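Structure in structure tokens, see below.
We did not get these values from a lab; they are worked out from the coordinates using the rules stated. All values derive from a computational prediction rather than experimental measurement. All Cβ positions, even for glycine, are placed from backbone atoms using ideal geometry, and neighbour counts span all protein chains on display.
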Amino acid sequence: MSPSIVNCELTHLSREPIDIDKARAQHADYEQALERLGCMVTRLPADASMPDSVFIEDIAIVFDEIAVITRPGALSRRPEVAAVTKKLSPLRPIVQIVAPGTVDGGDVLVVGRSVFVGRTLRTNDAGIGQLRAAVASYGYTVVPATVRGCLHLKSAITALDDQTLLANRQWIAEQEFDRFELLDVDTSEPMGANIVRVGDGHVYASTFPRTLERLERRGYAVTTVDVSEIAKAEGAVTCCSLIFGARSG
Ligand code: CIR
């Protein structure tokens, strides 16, 4: 994690002091949670010139067939692309989003062969079109999605399994997801719709106990992590990783 995370981009949050040691400890716990679910964690080096680089999800979308390297919507995040491209190049054929397209990976929710892409300040129609062209021949359908009131599509909705999505309906247009069952976050936990899916397991922030109770009542196996410092940088659990080779959103 970059020591300059304190200078991160913020869109919907006001700046609060971030305790970098605490944030790093929380990130280590997050990595351990992924390892307990069977992931082998590989980390890119931190770089002081890239405050938001811990949020690697925004820089690539990894499909089984290819990796799409994004052109992030925030100018300050564009330098993150080089190191991620280098890391992923041996692992997947690479397709790059180019100007005037912009895409943040946080706007891309993959469920089966459906790829929902939020239209936001970070992701534009040109970027969505390029993503569609990159994956269409592999049988993926790219569907633009409405997002209101939050940073990314995956701040508002993520996948629990191939049929069920965890959602804050205030921030999406629910009819766009009408072939899924939506499990609602508790209204007191609007930021609680972001969950990492690794196979049948899930990693979720411990700050949303009421929504957690709903998830557990429904039988989902959820590992919780405290990511409260990382959340001050407007990041949630999915943002901090790219998951390979397992069903994930
Ligand atoms: C940003 O504004 O780009 C970062 N401070 C937070 C990015 C969070 N990423 C995500 O939700 N996928």
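Given the rule -39500 (n - 2.57) for each run of at least 4 DSSP H residues, summed and divided by the residues of the chain, what is its mean residue ellipticity at 222 nm, to the nearest 500 deg cm²/dmol?
Numbers: 6 runs with 54 residues, N = 249.
Only helices count here, giving -6000 deg cm²/dmol.
Let me check against my output: what whole-number percent is the relative contact order of region 1-97, with C-alpha pairs under 8 Å and at least 6 apart?
28
Taking the mean number of other Cβ atoms within 10 Å as a proxy for protection, how do you rank 45-52, 225-232 from highest to lowest?
In descending order of packing, they fall as 225-232, 45-52.
Follow-up question, since we're still on this one. Tell me, how many Å apart are the Cα centres for region 7-70 and for region 166-218?
20
Percent antiparallel among DSSP beta bridges with both residues in the chain, to the nearest 5? Show your work: numbers first, answer last.
Working: 14 of 32 bridges.
Among the beta bridges of the chain, antiparallel pairing accounts for roughly 45 percent.
Hey, if you drop one equal point scatterer on each alpha-carbon of region 105-249 and run the Debye formula without solvent, what base-10 log of I(q)/I(0) do you get at q = 0.17, 0.18 Å⁻¹?
-0.92, -1.04
Could you tell me which helices of the chain pass both thresholds, a Cα extent of 20 Å or more along their own axis and a mean Kyte-Doolittle hydropathy of at least -0.5, with helices taken as whole DSSP H runs? The partial results should precede the final answer.
On the way: long enough: 20-36 (24 Å, -1.35).
Span-like helices, by this rule, are absent here.
What lysines does LYS154 reach when the alpha-carbon gap must be under 20 Å and sequence neighbours fewer than 8 apart in one chain are set aside?
Candidates past the 8-residue exclusion: LYS232.
Obtain the nm distance between the two label points defined at LYS22 and ASP226 by a simple spin-label model: each point lies 7 Å from its Cα along the Cα-to-C-beta direction.
0.8
Further question on the same structure: Give, in whole angstrom and from largest to smallest, the semi-axes √(5λ) of the equivalent ellipsoid of region 50-177, with λ running over the eigenvalues of the Cα gyration tensor.
Working: eigenvalues 96, 59, 35 Å².
Rounded to whole Å, the semi-axes are 22, 17, 13.
Over region 1-52, what portion of Cα pair distances is larger than 12 Å, expressed as a whole percent?
Values: 932 of 1326 pairs.
Above the 12 Å cut-off, region 1-52 has 70 percent of its Cα pairs.
Further, regarding this structure: Output the relative contact order of the chain, whole-number percent, from Cα pairs under 8 angstrom with separation of 6+ residues.
Values: 501 pairs, mean separation 51.7, N = 249.
Averaging sequence separation for qualifying contacts and normalising by length gives 21 percent for the chain.
Something else now. I'd like the per residue volume of the convex hull spanned by the Cα atoms of the chain, given in cubic angstrom.
It is 111 Å³ per residue.
For region 29-94, take every pair of Cα atoms, bin their distances at 5 Å starting from 0, and report each bin as a whole percent.
Binned Cα distances yield the sequence 3, 16, 24, 23, 20, 12, 2, 0.
If packing is taken as the average number of other Cβ atoms within 10 Å across a peptide's residues, how do 96-103, 55-62 rank, most packed first?
Highest-to-lowest ranking by the protection proxy: 55-62, 96-103.
Further, regarding this structure: In region 63-130, if every C-alpha pair distance is counted and binned at 10 Å from zero, what percent goes to each bin?
Reading the bins upward from 0: 21, 53, 25, 0.
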